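Below is one structure, written out as structure tokens, with a few remarks after it.
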Amino acid sequence: MDSPLRAITVLSGGTGGARFLEGLLAGVRAGTLPGVSPDAVVTVVANTADDVWMHGLKICPDLDTVMYTLGDGSDHERGWGLRDETWSVKAELEAYGVEPTWFGLGDRDVATHLVRTQMLEAGYPLSAVTQALCDRWLAPRFGDALRLLPMTDDRVETHVVIADEAEPSGRRAVHFQEYWVRLHASVPAEQVVVVGQGDATPGPGVLEALAEADLVVVPPSNPVVSVGTILGVPGLREALRATPAPVVGLSPIVGGHHVRGMAEQVLAAIGVQASAEAVGRHYGARSEGGVLDGWLVDTRDAGAVPGLEAAGLRAAAVPLMMTDETATAAMAAAAIDLVS
Ligand code: GDP
Ligand code: CA
């Protein structure tokens with residue numbers, strides 16, 4: 001690439017996407033990313049299909065994970081939610097016997113959900129609410145250099161079909177949060193159903209963020225319930241296919257397994273093998289009708305490179321463990337190199 005990259009758009013889920021973004025933003029600031037201007041603007045298009053209403057509150061786990069992580073508020077050890085959290089609200093709800101009791105709702109976190117819910121009920125779209133929340137968490141650190149956009153303002157919810165002998169049909173659909181947080185993805189996912197997706201429209205700024213990007217990155221986020229649900233918003237896949245910017249992805253599957261989370265279970269539900277190569281082929285090369293130009297795999301999966309190249313993708317193998325910001329920034333640099 002000859003002119004410097006000034007606009008980078010990232011399609012993100014929660015934890016994997018947020019960690020990647022930490023490294024990417026550190027790399028931008030440090031000037032270690034090839035061809036990237038130090039004043040580049042990063043736009044995050046975040047998955048909202050994990051969103052759920054609980055106790056009258058609208059909860060947006062992926063938006064909040066990105067916001068708290070990049071706002072330096074997250075609890076890195078727990079892996080979700082805020083640092084210095086207390087749990088009185090949760091304990092009081094349990095004392096009332098109010099279900100569900102399995103969802104972690106910290107007191108500090110509740111304030112976020114209260115603000116969001118109030119604003120939504122006052123008529124603001126989720127994108128405007130997100131902007132208001134980010135004014136607290138992201139603006140002081142990043143100013144205009146970081147934008148967080150919900151994939152859509154519409155209600156879209158991932159449900160997972162699981163076996164249940166008590167049902168006449170022998171199966172039952174549970175909200176994704178119930179599958180993950182209550183059941184710990186310990187039972188097979190038979191099917192993933194994204195309720196409301198067909199009627200959703202991309203959120204304000206989302207299509208522009210793809211059309212006007214100098215680079216689009218698909219981070220090591222869940223290919224089904226994070227990136228898959230973003231790409232499933234009508235018009236989004238087409239916008240990604242049409243953008244003049246190179247599109248590069250990084251594998252969330254390393255050595256045949258997810259690093260954390262439940263990608264293996266939900267990949268099985270859509271009939272895709274849990275391997276770096278299969279996920280790269282699932283996204284596909286733009287030259288072959290897919291969404292990517294390049295796909296980065298871990299060194300353990302170096303054997304996948306020729307097959308990926310045969311599928312029309314630029315491919316390379318580098319260490320893909322996001323152990324710290326420096327390692328993650330190096331992954332971002334390698335991804336940019338791959339499609340430059
Ligand atoms: P979620 O919404 O919290 O599930 O987060 P994402 O969808 O953004 O990311 C989840 C994915 O990140 C999982 O499939 C993990 O395998 C992947 N992941 C987490 N840590 C790492 C890492 O260090 N390296 C790689 N390559 N993938 C990771
Ligand atoms: Ca998520």
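Read-outs: derived from the displayed coordinates by stated rules, not from any lab. Values in this document were obtained by computation on a predicted structure and should not be read as measured data. Methodologically, a virtual Cβ is constructed for each residue, glycine included, from the backbone with ideal geometry; neighbour enumeration extends over all protein chains shown.
Here the stretch 1-84 carries DSSP beta bridges of which approximately 35% are antiparallel, counting only pairs with both residues inside. Considering only Met119, Thr65, Leu21, and ranking their Cα positions along the charge dipole of the chain that arises from unit charges at the beta-carbon of Lys, Arg, Asp and Glu, the one farthest toward the positive end is Leu21. For the listed peptides 208-220, 133-145, 312-324, a ranking on the average number of other beta carbons within 10 Å per residue, highest first, reads 208-220, 312-324, 133-145.
Given Cα positions, please report Rg to Rh for the chain, the hydrodynamic radius being the Kirkwood one. We get a ratio of 0.95 for the chain. When the inverse distances between all different Cα atoms of the stretch 157-197 are averaged and flipped, the Kirkwood radius reads 10.2 angstrom. Rounded to the nearest 20, the Cβ-based charge dipole of the chain about its Cα centre (Lys and Arg +1, Asp and Glu -1) stands at 360 debye. Helical runs (DSSP H, four residues minimum) scored at -39500 (n - 2.57) apiece and divided by the length of the chain put the mean residue ellipticity at 222 nm at -10000 deg cm²/dmol.
Near the amide H of Leu148, within less than 5 Å, lie the amide hydrogens of Val44, all on another chain or at least 5 residues away, with H placed in the peptide plane.
The separation of the stretch 289-317 from the stretch 86-158, counted between C-alpha centres, amounts to 37 Å.
Counting Lys and Arg as +1 and Asp and Glu as -1 over every other residue whose Cβ lies under 15 Å from the Cβ of Val41, the net charge comes to -1.
Structural descriptor for the chain: relative contact order 19 percent, calculated from alpha carbon pairs under 8 angstrom and at least 6 residues apart. In order along the stretch 176-186, the Karplus-derived 3J(HN,Hα) couplings, from 6.51 cos²θ - 1.76 cosθ + 1.60 at θ = phi - 60°, round to 3, 5, 5, 4, 8, 7, 7, 8, 6, 6, 8 Hz, and Gly and Pro are given as x.
Order of 38-45, 178-185 by packing, highest average Cβ count within 10 Å first? Numbers along the way, then the final one.
On the way: 38-45: 20.5, 178-185: 17.2.
Order by mean packing, descending: 38-45, 178-185.
For the stretch 227-235, backbone phi angles converted through the Karplus equation (6.51, -1.76, 1.60; θ = phi - 60°) give residue-by-residue couplings of 5, x, 6, 5, 5, x, 5, x, x Hz, Gly and Pro being listed as x.
The GluC sites (Glu not before Pro) of the stretch 89-171 that meet both conditions, a loop assignment by DSSP and at most 14 other Cβ atoms within 10 Å of the site Cβ, are Glu165. If you wrap the tightest convex hull around every Cα atom of the stretch 247-340 and split its volume per residue, you get 84 Å³.
Highest mobility in the GNM of the chain, judged by mean-square fluctuation with C-alpha springs under 10 Å and restricted to Glu167, Glu22, Glu264, is found for Glu167. Taking θ as phi - 60° and the Karplus parameters 6.51, -1.76 and 1.60, the scalar couplings of the stretch 67-76 work out to 5, 5, 5, 6, x, 6, x, 7, 8, 5 Hz in sequence order, x denoting glycine and proline.
Starting from the Cα gyration tensor of the stretch 31-89, take the square roots of the eigenvalues, sort them a ≥ b ≥ c, and report rounded, prolate or oblate (rounded when a/c is under 1.5, otherwise prolate if a/b is larger than b/c, else oblate). Cα axes put the stretch 31-89 in the oblate bin. Remark on Met54: its backbone amide H falls under 5 Å from those of Ile59, a criterion applied only to residues 5 or more positions apart or on other chains, H modelled at 1.01 Å from N.
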